[in-house]
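Structure, as structure tokens:
The values are calculated or read from the model by the stated rules, or taken from the named source; none is laboratory data. These figures come from a predicted structure and were not determined experimentally. Here the Cβ positions follow ideal geometry from the backbone for every residue, glycine too, while neighbour counts run over all protein chains shown. The protein model used for the area step is the full one, side chains on, heavy atoms only, and it has no ligands, DNA or RNA in it. Shrake-Rupley method; radii C 1.70, N 1.55, O 1.52, S 1.80 Å.
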Amino acid sequence: MRKFVLLPFLSLALAQVGLVDGPRPSTEVRGTLQGNAREGYRVVVEFLVETGADPIQGSTNQTLGWNGKLYLCISGCDYFTLSGYAPNTPYNGAVFNLYDSGNRLRGRASVSTVYDSQNRPSYHQVQYAVWPLQGAKTWMPSPDNPVPLEAGGWLSARPPGGSARERYRYPGMESYRPPSVQGSILSGISPGDRDVVAKSVLSSLADLRAFYARQPGGSTLWLFVPEVSAWTQTLAQEFRARNGGQERFVVPEGTARSYCSLYRSDARYHVMPRESLAKEQSFAVIYPPSSTAGSSQKGAVMAGRFLVDRPDWQETDYLSFTTPLSPTQEGLPEARALVWGYISQGNLRARVEFKELTLQGYENWTTGLNYPSDWDGRFSAVVGRGDESFYLEGWASGATWSGARSFSVLDTQGRYRGYAYVYAQGGTTTLSNLGAYYDWGTTPEGIQFTYGGQTYTLSGCRLRTTSEWTCSVKDASGRDVGTAYLYAYFVSVDYTWLFNLYKVVLSTGLRYTGSAYLRGWQETWRYATDNDRPVEAFGYVTAEGKRYRVPGLEGYLLPTGKDLEVAEGDPYVSYITRSLSPQGNLLAGTGREEAKVWFKPLRNWCAERGL
């Protein structure tokens with residue numbers, strides 16, 4: 001049998017996960033989900049096996065601003081760096097050495113820049129060959145790939161070099177059922193029949209309009225339905241708008257009786273020779289304009305209950321929005337993504353960005369320093385990423401010097417984070433204007449004040465002049481730690497004294513004061529190195545090995561049960577259309593009884609029955 005041109009089928013690479021419920025642990029067998037819920041999923045299965053010295057080859061597309069790092073899982077997952085590569089530089093087959101994170105030469109990679117129709121650089125095409133580490137294991141594909149995903153998420157695949165198939169389950173797909181429109185006349189078409197027919201499903205108005213537009217212009221749409229509902233009328237209107245053809249309705253006799261008074265004069269209505277028709281058995285045939293009985297019919301067939309019942313399809317299911325991503329586990333960095341594509345076509349993609357804190361290139365934070373003589377040169381400060389610890393490089397406790405001394409400031413990882421100016425001060429500290437005390441008594445004895453979190457008391461006060469007092473200052477332990485100076489004023493109206501504590505000189509030990517000028521952290525967003533990422537079933541997206549979920553897309557790629565099944569292709573559809581053609585009554589004019597029960601115009605059928 002000769003092969004026929006088929007419709008392209010959607011194929012979407014989805015999540016790569018470890019397979020479960022099989023003879024091997026999930027760390028040794030994994031699968032990548034492909035396809036979509038409308039037409040069925042397939043899984044590319046890989047087994048972890050011993051490897052030799054043959055290089056692992058592959059290719060990938062990267063943006064012009066790509067940083068030159070490839071995340072590959074060869075003898076373990078690692079980042080591989082293209083030595084000498086420069087971002088935003090056009091290349092024409094340039095070859096670079098590939099080094100792993102241990103700075104070992106592991107292979108080669110070539111980079112070629114792809115240009116758009118305006119001869120502007122568009123993206124880089126990267127091809128690589130990486131040698132596995134000797135004696136290590138690597139991932140090898142099953143010779144059965146891709147294998148179909150069965151009901152409940154089960155699949156069967158042979159390991160590389162093996163003969164017996166092993167059975168596994170794809171996690172998260174336990175409720176999966178292979179797509180099928182139950183009761184449809186197309187349900188029995190298997191994937192093996194696709195050399196003679198291309199079967200697919202319509203899940204949106206966009207799908208329906210594209211399907212109609214593919215048919216030859218000026219075709220005729222015959223709808224065989226139990227009733228002509230408002231949705232059936234919409235299907236016909238869309239056909240006229242997208243194809244330019246005409247529609248015909250064929251209803252069973254039970255419906256035709258009530259239609260005689262409504263649509264008798266409407267030439268579009270016909271009657272089929274049966275009393276009733278189940279909605280699930282509804283079907284439609286699209287006939288090209290040049291078709292005649294017995295000739296090739298390159299038309300199309302539609303089937304299912306949604307030729308009658310409205311499936312509540314969206315007018316358009318194209319999405320384009322930016323949203324924060326929800327992490328699937330703790331410890332993942334904050335991420336966001338631009339999501340775009342068509343839900344019905346299962347081609348949603350996400351351009352993922354990660355939120356990172358990067359050190360500023362200059363000192364943009366200042367913090368004060370004030371420590372006693374036994375200070376070890378360490379301090380903490382908040383400079384954009386929570387509390388951090390720092391230390392002064394070359395610091396020696398108890399050292400003294402005159403003026404300010406400069407030190408480099410390092411963090412706990414030894415990175416340069418700024419500089420500090422420090423003063424070594426000792427002897428005394430002078431405090432001024434510590435308040436007025438009214439109606440205290442005739443002497444300032446016992447007056448208290450607070451400084452540096454400690455309370456001090458005046459004691460042993462002596463009158464130096466007629467209006468000035470001096471007192472000793474005692475700390476909470478009763479030790480003399482300084483001298484206080486006060487002015488006294490007699491308030492004649494109240495016959496009392498007002499004491500103004502205008503100065504206190506405290507004796508202090510060695511103390512370090514000054515300021516540190518630090519490089520703080522700044523929030524930035526960077527694109528994932530493996531963009532753009534496919535949005536996986538249930539709304540998941542994985543970038544740089546980190547798994548997130550797109551809010552609002554939890555039902556993405558799940559069967560909706562609102563699909564209209566269609567088939568295109570010759571000769572399979574030719575056989576269907578030729579056998580069902582309302583215009584192909586081969587027995588007409590023969591006088592045989594069978595010719596009398598062929599599809600009839602509603603006008604004639606009603607007249608025969610006096611309705």
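Numbers below:
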read-out: Filter result (in a strand (DSSP E or B) and at pLDDT 85 or above) within the range 544-565; value: 546, 547, 548, 549
read-out: Strands (runs of 3 or more DSSP E) wholly inside the range 229-293 containing at least 1 residues that are in contact with a Lys or Arg (Cβ under 7 Å, 6 or more places away or on another chain) and open to solvent by less than 70 Å² (accessible area, probe 1.4 Å); value: 246-251, 269-271
read-out: Qualifying residue in the range 109-123 (condition: closer than 26 Å to residue 54 by Cβ and open to solvent by 60 Å² or more (accessible area, probe 1.4 Å)); value: no
read-out: Flag if residue 206 is open to solvent by 40 Å² or more (accessible area, probe 1.4 Å), under 50 Å from the mean Cα position of the chain (by Cα) and small (Gly, Ala, Ser); value: no
read-out: Which listed residue, of 502, 512, 487, is in contact with an Asp or Glu (Cβ under 7 Å, 6 or more places away or on another chain) and in a strand (DSSP E or B); value: 487
read-out: Selected residue (criterion: surrounded by the fewest Cβ atoms within 10 Å (Cβ to Cβ)) from residues of the range 437-470 that are small (Gly, Ala, Ser) and part of a loop (DSSP other than H, G, I, E, B); value: 453
read-out: Matching residues in the range 368-377 - criterion: being loosely packed, with under 11 Cβ neighbours inside 10 Å and over 48 Å from the mean Cα position of the chain (by Cα); value: 374
read-out: Residue in the range 511-526 that is under 22 Å from the mean Cα position of the chain (by Cα), under 19 Å from residue 320 (Cα atoms) and in contact (Cβ under 8 Å) with a residue 12 or more places away in the chain present; value: no
read-out: Hits in the range 435-450 - residues which are modelled with pLDDT of 90 or more and either at negative phi or under 60 Å from the mean Cα position of the chain (by Cα) (or both); value: 436, 437, 443, 444, 445, 447, 448, 449, 450
read-out: Residues of the range 378-406 that turn out to be under 12 Å from residue 424 (Cβ atoms) and open to solvent by less than 60 Å² (accessible area, probe 1.4 Å), as a count; value: 7
read-out: Subset of the range 133-156 (residues that are of a type outside the set (S, T, N, Q), more than 27 Å from residue 78 (Cα to Cα) and outside any helix (DSSP H, G or I)); value: 144, 147, 148, 149, 150, 154, 155
